[in-house]
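Each remark here refers to the structure printed beneath this line.
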């Protein structure tokens, strides 16, 4: 049985959340880099594309700042930190679901 049948969309969601977390962390790390352009992922669009077996690259775009900086950097720390925290919470939720599913399957295999 393929893993997508066992775990549903949560396996793909976990992978996409991980990718988004790395992207947001990169934005935060480059907050003081002149001309750095912050990027983000439209998670719903990426998940939909992943479920259809398509590339998720078109779900990634450059963030448009509310208040552009003089050095061309588009990172806004409050926005990035909020997005990172929300994504981390969703990541933990997907991970908890997968852990529960694996635990249930393990118990079933042991006959409990």
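The values are calculated or read from the model by the stated rules, or taken from the named source; none is laboratory data. Because the structure is a prediction, the values reported are computed rather than measured. Don't worry about glycine lacking a Cβ; one is built from the backbone with ideal geometry, like all the others, and counts go over all protein chains shown.
Checked against the criterion of being on the phi > 0 side of the Ramachandran plot and out of contact with any helix residue (DSSP H, G or I) (no Cβ under 6 Å at 6 or more places or on another chain), the range 67-78 has at least one qualifying residue.
Specify which of the listed residues (31, 38, 46, 22) is within 10 Å of the chain's Cα centre (by Cα) and over 13 Å from residue 91 (Cβ atoms).
Working: 31 fails: within 10 Å of the chain's Cα centre (by Cα); 38 fails: within 10 Å of the chain's Cα centre (by Cα); 22 fails: over 13 Å from residue 91 (Cβ atoms).
Of the residues listed, the single one that is within 10 Å of the chain's Cα centre (by Cα) and over 13 Å from residue 91 (Cβ atoms) is 46.
Scan the range 52-62 for residues that are out of contact with any helix residue (DSSP H, G or I) (no Cβ under 7 Å at 6 or more places or on another chain), closer than 19 Å to residue 21 by Cβ and outside any helix (DSSP H, G or I) and jot them down. Those that are out of contact with any helix residue (DSSP H, G or I) (no Cβ under 7 Å at 6 or more places or on another chain), closer than 19 Å to residue 21 by Cβ and outside any helix (DSSP H, G or I): 60, 61, 62. Checked against (1) out of contact with any helix residue (DSSP H, G or I) (no Cβ under 6 Å at 6 or more places or on another chain); (2) touching a residue at least 60 places away in the same chain (Cβ under 8 Å); (3) within 15 Å of residue 13 (Cα to Cα), residue 99 passes all but condition (2). For the range 26-44, does any single residue satisfy the condition of being surrounded by 15 or more Cβ atoms within 10 Å (Cβ to Cβ), farther than 19 Å from residue 85 by Cα and modelled with pLDDT under 95? Checked the range 26-44: no residue is surrounded by 15 or more Cβ atoms within 10 Å (Cβ to Cβ), farther than 19 Å from residue 85 by Cα and modelled with pLDDT under 95.
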